[in-house]
Amino acid sequence: MSNSDYDKLIQTGRPPNIVRRFPNSKALIVSGKVIDQALVAKGAAMTIAANGRSNIIIRGALQAAQRADAALLIEIARSECNYCPTNFFNIALQVDAICNELGLTIPVAIHADHYGIKSEADLPYAKIEIPTIFEAGITSIAVDASHMPDDKNLLANIELADCIPSWAGLETEVGEIKGNQGLSTVDDATFLIKGMNSRGIFADWIALNNGSSHGLEASGTGIQVELTADIHEHLAPYGVSGAQHGTSGNNSDKLRAITGKTHTTKANVATALQMVAWGVEVNDYGNALLDGNGNFIKVKGEGLTEEVWEQLVTYADKQGWKGGDYKKLNLPFENIILGQQKAIRERMVARVEDFVYNMLTNVFNAAGTGTLGKELLRKAGTYDLGSKGKQLEDPADWTREKIIERAKTLVVDKGPEGDFDD
């Protein structure tokens, strides 16, 4: 694409909130719909939704996407805003700054992941906060009311729809991520999507509990590919793609199967990127390896300096943090990490870049989707590509009363109770 064509995309392809936030920017920050539809256009492809827990990770993921010519999402979950330096209000600032600094031109969406609604009491504040995070540069959101019963999950998605710009990427979720317990079914997934469809709400992605786990995947079970494929086939008439959560720790063959056999276009990667950046020893698909005492193994001369790594470990030990709790180190140590010498920061970024590049090109089949996304925007002549779905359901069949009654007939297993915070 010529410089003049790219400059035109900057004028026409960026959503209005991005134009207002970054009027002089050359970064192609786009709606999540652009990313999804670019992957659909290629076929049998998905891209990384890189969890930007730190500036190092954001930088490495963006460089990898540019190198692979891949459309990309950078995301942070609502709960992570409490223990990471990155949050809903500075994530777009970081992405925009890095893209302009490095001259990156791939289309990238800024995704608010797991915007959690744990009960109906959360809805009034959500109606206030969701518009503000779009003002701050969010271009895609996952409304996650999966912690509630199916009828309340659907009703929460309906109630919040007016708070989300129609041009924005939209993800919904059914089934909390509980590993191999409480797996999603065709029944509860189609209930959610059909109910939203009846109100003219067309999700770009649906996330399932399909056997994955957040954090460190140690069960060896992982993602249930056939279950996912079956649910996706039943949802095909509604034009919704899959969002794969808990990708870290699933081997490359499993992830290639998800890419090739399902309609998944978005794969969340969080823990793996954190461990790779720090220089922790991981296997070929990003699962951290442990020594005989159950401790992480730091690769000498990779990632953090040995001195900073020891500071992290000592701090975690004092807090009683092990395993997945290490994610809480991101906030207290960001300034120390960014205060390391340039050569150290660059080797951390390069480690993330190489890991993400390999996933994009050799596992997810995402190479070339950056150009495809730009072409979709060029042909449309607008930032709003519209939805893949169309209204098929009669709203008369999905009144509030009928939703509540329908939910009682669903064949579902929600699994154990407990704290499954995302």
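The values are calculated or read from the model by the stated rules, or taken from the named source; none is laboratory data. Fair warning: this is a prediction, and the values are worked out from it, not measured in the lab. Note that each Cβ is placed from the backbone with ideal geometry, even for glycine, and that neighbours are counted across all protein chains shown.
A few points about this structure:
- When the residues of region 351-404 are filtered to those that are among the β-branched types (V, I, T) and touching a Lys or Arg at 6+ places or on another chain (Cβ under 7 Å), the one that is surrounded by the most Cβ atoms within 10 Å (Cβ to Cβ) is T369.
- Residue check, N24 part of a loop (DSSP other than H, G, I, E, B), out of contact with any helix residue (DSSP H, G or I) (no Cβ under 7 Å at 6 or more places or on another chain) and without any contact (Cβ under 8 Å) to a residue 40 or more places away in the chain: yes
- Only one of G32, G60, G43 that is of a type outside the set (D, E) and surrounded by fewer than 24 Cβ atoms within 10 Å (Cβ to Cβ): G43
- Hey, A50 touching a strand residue (DSSP E or B) at 6+ places or on another chain (Cβ under 6 Å), in a strand (DSSP E or B) and closer than 28 Å to V363 by Cα or not: yes
- Of the criteria (1) in contact with a Leu (Cβ under 7 Å, 6 or more places away or on another chain); (2) more than 30 Å from G294 (Cβ to Cβ), which one E375 fails: (1)
- Some residue of region 297-320 being closer than 25 Å to I258 by Cβ, part of a loop (DSSP other than H, G, I, E, B) and not basic (K, R): no
- Output for region 282-302, where each listed residue is without any contact (Cβ under 8 Å) to a residue 24 or more places away in the chain, of a type in the set (D, E, K, R) and surrounded by fewer than 18 Cβ atoms within 10 Å (Cβ to Cβ): D291, K300
- Of the strands (runs of 3 or more DSSP E) lying entirely inside region 105-214, the ones with 1 or more residues being surrounded by fewer than 24 Cβ atoms within 10 Å (Cβ to Cβ) and of a type outside the set (K, R) are found at 108-116.
- Region 93-104: number of residues that are in contact with a Ser or Thr (Cβ under 8 Å, 6 or more places away or on another chain) and either in a loop (DSSP other than H, G, I, E, B) or touching a residue at least 60 places away in the same chain (Cβ under 8 Å) (or both): 3
- When E173, E159 are checked against the criterion of being more than 16 Å from I206 (Cα to Cα) and of a type in the set (D, E), a single residue qualifies: E159.
- Which listed residue is at pLDDT below 95, of a type in the set (D, E) and more than 30 Å from D69 (Cα to Cα), from D291, D325, D317: D291
- Residue satisfying all of: in region 303-335; surrounded by fewer than 16 Cβ atoms within 10 Å (Cβ to Cβ) and within 27 Å of the chain's Cα centre (by Cα); nearest to G60 (Cα to Cα) among these: N335
- Residue list for region 283-296, restricted to those being under 21 Å from F333 (Cα atoms) and in a strand (DSSP E or B): A288, F296
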